[in-house]
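The values are calculated or read from the model by the stated rules, or taken from the named source; none is laboratory data. It should be emphasised that the depicted structure is a prediction, and the values quoted were computed from it without experimental measurement. Every residue, glycine among them, receives a Cβ derived from its backbone with ideal geometry; neighbour counts consider all protein chains shown.
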Amino acid sequence: MAIKKTISGIRGTIGGKYRDNLTPLDVVECTAGFGQWIIENNHPKKVVVGRDGRITGPMVSSLAINTLIGMGIDVIDLGLSTTPTVEIAVPMENAGAGIIFTASHNPKNWNALKFLNPKGEFISAEDGKRILEIIDEGSFDFAPVDDLGKTSTDNSYINKHIQEILKLDFLDLELIKSKNFKVVVDCINSTGAISIPPLLDELNCSYTLLNKEITGDFAHNPEPLPAHLIQLSDTIKKEGADLGISVDPDVDRLAFVCDDGNMFGEEYTLVAVADFLLAKKPGNTVSNLSSTRALRDITKKHKGEYNAAAVGEVNVVNKMKATNAVIGGEGNGGVILPELHYGRDALVGIAMMLNHLAEQNMSISELKKTYPAYEIRKHKIELTPQINVKNILDSLSQKYSGEDINTIDGLKINFDHGWVHLRESNTEPILRVYSESTSGDEADKLAEMIKTDVQNLIP
């Protein structure tokens, strides 16, 4: 069991001992730290909150809401919602901050508090560090009885979110509607069940929903990876659907399954929607260092500039702002469209993919064949306290100095035929070794070559 307090928020397993897990006391303490940060920075004393479908969502959200009220901060509760919906709601409500109660793709015994700034974006590393200091200091200032905050509920924001997507001028809504796509959606017993159907209704799609009961008792591991999408794949083939849609519990990651039941590949979600957008609005793109090279290739095809960011959504967003990127995201199926908001958003990704398929007038399996074929492999090396990771990465940088090297997040070595990215995990005592090439075997060979180098450098 565990609790992890990081610069982006607080996450942990439910139950157990205070400060060892995400207990009610930890929820109150961490929310109070966030509330104190809001007051300290003179942000509007109004916070938008929303939660995914987790079993512990009502408990965690009520604890946090009442803590904010106790600090004299008003709360707008969206109830069951999605991460991108809360992100959109914060600036629309002129709020001082937001909190999303979700552990994303983690199993059902996890929950988390993800903190947003007044722009509805994840807080910066500097702000996150300050919040952790406040929590450690325990320097909370609660309001007297006459100055307590107020709470209100608003169930309209999923629809508002969808309407903002439908307003995007590059979408050809009539063309999408004319195709009458047949779709299967794996809602993973969370809020995809209340956010994706109304979007598909607007786009004249027929659909079958799997795992649509919002119980938080996930029908399978909630991370949208191939091994977890067998039911979705089988249903697509059985019903003769055009495509399948898989999201994680808070609907910010998006993976597609093809009409033949094969995976489109979550790495290629961003590639496909970027290809669609760049044909209409040329510009720059960004993804993190561990994402597929295919986005770089597609961006070059459209005469744009590709840039890589350190792993982490806030790092991708910062790089996108610095390079004026028109689209970006992460290879885990995270699509970030600045024109809508600076956050991963599965709903806008769905709309863009359907428009792309309608324009190309081909099946999603045929579309996949039009993209550069790469395969990623993910390895790891166990670390001990005696291993000096910095020295190892410095030595490898020296050895491969003739290659294209990036050191903003660990070490990425770009070869002509692929790449290897090494970075120390933030959550486990391991060195992650990700590699990509034109085949799985070649990707494995690259990884094994670098792993051997690492082992030779360990005393």
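Do the conditions hold for Ile158, that is, is it assigned to a strand (DSSP E or B), modelled with pLDDT of 95 or more, crowded, with 22+ Cβ neighbours inside 10 Å and β-branched (Val, Ile, Thr)?
Criteria not met by Ile158.
All but one of (1) under 28 Å from Gly312 (Cβ atoms); (2) in a strand (DSSP E or B) hold for Ser152; state the number of the condition that does not hold.
(1)
Are any of the residues in region 242-250 assigned to a helix (DSSP H, G or I) and surrounded by fewer than 24 Cβ atoms within 10 Å (Cβ to Cβ)?
Taking every residue of region 242-250 in turn, none turns out to be assigned to a helix (DSSP H, G or I) and surrounded by fewer than 24 Cβ atoms within 10 Å (Cβ to Cβ).
Which condition number in (1) touching a His at 6+ places or on another chain (Cβ under 9 Å); (2) within 30 Å of Pro224 (Cα to Cα) is the one that Gly79 fails?
All conditions are met except number (1).
Residue under question is Gly15, and the condition is that it be over 24 Å from Asp141 (Cβ atoms), surrounded by fewer than 16 Cβ atoms within 10 Å (Cβ to Cβ) and assigned by TED's automatic domain parsing to the domain that holds Glu87; does it hold?
Judged against the criteria, Gly15 is a match.
Filter region 134-150 for residues that are of a type in the set (A, V, I, L, M, F, W, C) and surrounded by 10 or more Cβ atoms within 10 Å (Cβ to Cβ); which is farthest from Glu40 (Cα to Cα)?
That would be Leu148.
When Ile100 is evaluated against the numbered criteria (1) more than 24 Å from Leu337 (Cβ to Cβ); (2) touching a Lys or Arg at 6+ places or on another chain (Cβ under 6 Å); (3) at pLDDT 95 or above; (4) crowded, with 22+ Cβ neighbours inside 10 Å, which criterion, by number, is the only one it fails?
(1)
Restricting the first residue to region 389-405 and requiring it to be hydroxyl-bearing (Ser, Thr, Tyr), which pairs with a second residue that is not in a helix (DSSP H, G or I) meet a Cβ separation below 7 Å and a spacing of at least six or different chains?
That search, which allows pairs on different chains as well, returns Ser397/Ile405; Ser397/Thr407; Ser397/Leu411; Tyr400/Ile413.
Which pairs turn up if I take residues in region 306-327 that are free of Cβ contacts under 8 Å to residues at least 24 places away in the same chain and look for partners that are surrounded by 19 or more Cβ atoms within 10 Å (Cβ to Cβ) and of a type outside the set (D, E, K, R) with beta carbon separation below 6 Å, at least 6 apart in sequence or on another chain?
Tyr306/Thr285; Tyr306/Thr299; Asn307/Val286
For region 410-422, what are the residues that are at pLDDT 95 or above and in contact with a strand residue (DSSP E or B) (Cβ under 6 Å, 6 or more places away or on another chain)?
Of everything in region 410-422, those that are at pLDDT 95 or above and in contact with a strand residue (DSSP E or B) (Cβ under 6 Å, 6 or more places away or on another chain) turn out to be Gly410, Leu411, Lys412, Ile413, Asn414, Gly418, Trp419, Val420, His421, Leu422.
Filter region 321-349 for residues that are of a type in the set (A, V, I, L, M, F, W, C) and over 14 Å from Thr85 (Cβ atoms) and give the result.
Correct list: Ala322, Ala325, Val326, Ile327, Val335, Ile336, Leu337.
Test each condition in (1) in contact (Cβ under 8 Å) with a residue 24 or more places away in the chain; (2) farther than 24 Å from Glu313 by Cα; (3) basic (Lys, Arg) for Lys167 and report the one that comes out false.
Failing condition for Lys167: (1).
Residues that are of a type in the set (Lys, Arg), modelled with pLDDT of 95 or more and not assigned by TED's automatic domain parsing to the domain that holds Thr31: does region 201-214 have at least one?
yes
For the structure I just gave you, tell me whether Gly261 is in the same structural domain as Leu337 (by TED's automatic domain parsing), assigned to a loop (DSSP other than H, G, I, E, B) and either crowded, with 20+ Cβ neighbours inside 10 Å or touching a residue at least 40 places away in the same chain (Cβ under 8 Å) (or both).
no
I need the full set of residues from region 201-215 which are touching a residue at least 40 places away in the same chain (Cβ under 8 Å) and surrounded by fewer than 21 Cβ atoms within 10 Å (Cβ to Cβ), in order please.
Passing the criteria: Glu202, Ile214, Thr215.
Which residues, taken from region 224-241, are under 23 Å from Tyr371 (Cβ atoms) and in a loop (DSSP other than H, G, I, E, B)?
Pro224, Leu225, Leu229, Ala241
Criterion first (part of a helix (DSSP H, G or I) and either among the hydrophobic types (A, V, I, L, M, F, W, C) or on the phi > 0 side of the Ramachandran plot (or both)) does Val326 satisfy it?
No, not satisfied.
Suppose the filter is out of contact with any strand residue (DSSP E or B) (no Cβ under 8 Å at 6 or more places or on another chain), small (Gly, Ala, Ser) and crowded, with 23+ Cβ neighbours inside 10 Å; does Ala294 pass it?
Criteria met by Ala294.
Please note which strands (runs of 3 or more DSSP E) are completely contained in region 363-454 and include at least 2 residues that are loosely packed, with under 14 Cβ neighbours inside 10 Å.
375-382
Test Ile38 against the criterion of being in a helix (DSSP H, G or I) and at pLDDT 95 or above, and give yes or no.
yes
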